[in-house]
Amino acid sequence: MQKGGGMEYLEEIVRFKNGINKYIKKSSEELNIIDALILTTLKEKPDTLARDFSEIFETDPSYMTRNMIKLEKKDLVIRKRSGRKNYLFLTNKGEEVCREVMGTKNEILKELFTRIDSKDYRAGIRVLKTLTEILKEKI
C-alpha cells in the first residue's frame, strides 16, 4: 500500500471532481457534474428511463431523483409517465443548456487531456477501474 493509505489519491480525486464542478458552474444554470451528465445523456439517448440514471452513474436512486427534481424546477427536463415507466426529456431550455454543457465538456476534455500522454492516460484509467472494482466487491 502507498504511503498515507491511499488518502492522497482520494484527496486528488475529490479535488478533481470539485474542479470539474466549478468549471461546469460557469454556465448560468449552476449545474454540477451529475446534472451535466444527465443532460448530455438525455441528448445522446433520449429514450432513457428516469430509473436508468442511478444504474448508469452507479448511485443511489433517491440521489438521482433529487437531481432530476432540481432539473425539472429549472425547466431543463420534463418527466412523462407511460404506464409504470417515467421517461425524462429535455425541454427547449434544457436543449440550449445542454449545448452549452457539451461545449464546456469538450473544452474541459481538450484542456485536461492534451497535457497527458497516452501511457499516463491508460495507467490512470486502469487505476480508477481497479479502485471501482474493489469498491464494488466491498459494497
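A few remarks follow.
- In terms of surrounding Cβ atoms within a 10 Å radius of their Cβ, I13, I108 rank from fewest to most as I13, I108.
- For the stretch 48-53, the Karplus equation 6.51 cos²θ - 1.76 cosθ + 1.60, evaluated at θ = phi - 60°, returns couplings of 6, 6, 4, 5, 5, 5 Hz by residue, with Gly and Pro reported as x.
- For the chain: relative contact order, % (alpha-carbon pairs under 8 angstrom, 6 or more apart): 20
- Residue among G6, I125, I34 farthest towards the positive dipole end of the chain, charges placed on Cβ: I34
- Of K80/K110; K74/K119; K80/K136; K22/K73; K25/K80, pairs whose Cα-Cα distance is over 30 Å: K80/K110; K74/K119; K80/K136
- Charge dipole (debye, nearest 20) of the chain; +1 at Cβ of Lys and Arg, -1 at Cβ of Asp and Glu: 260
- T114, T91 arranged by Cβ crowding within 10 Å, fewest neighbours leading: T114, T91
- Residue exposure sequence - I69, I34 - by fewest surrounding Cβ within 10 Å: I69, I34
- Rounded to 0.05, the FRET efficiency of the D60 and R122 pair, given R0 = 35 Å and the Cβ-Cβ distance, is 0.70.
- Under a 5 Å amide H cut-off, with hydrogens placed 1.01 Å from N, N86 pairs with A50, R51 among residues at least 5 apart or on other chains.
- For the options R81, R115, R99, a Gaussian network treatment of the chain with springs between C-alpha atoms closer than 10 Å singles out R115 as fluctuating the most.
- Label point distance in nm, E8-I108, each placed 7 Å from Cα along Cα→Cβ: 2.6
Every number in this text was worked out from the coordinates using simple rules, so none of it is lab data. Every value quoted in this text rests on a predicted model; they were computed, and no experiment measured them. Because the Cβ atoms are built from the backbone with ideal geometry, glycine has one as well, and the counts that use them run over all protein chains shown.
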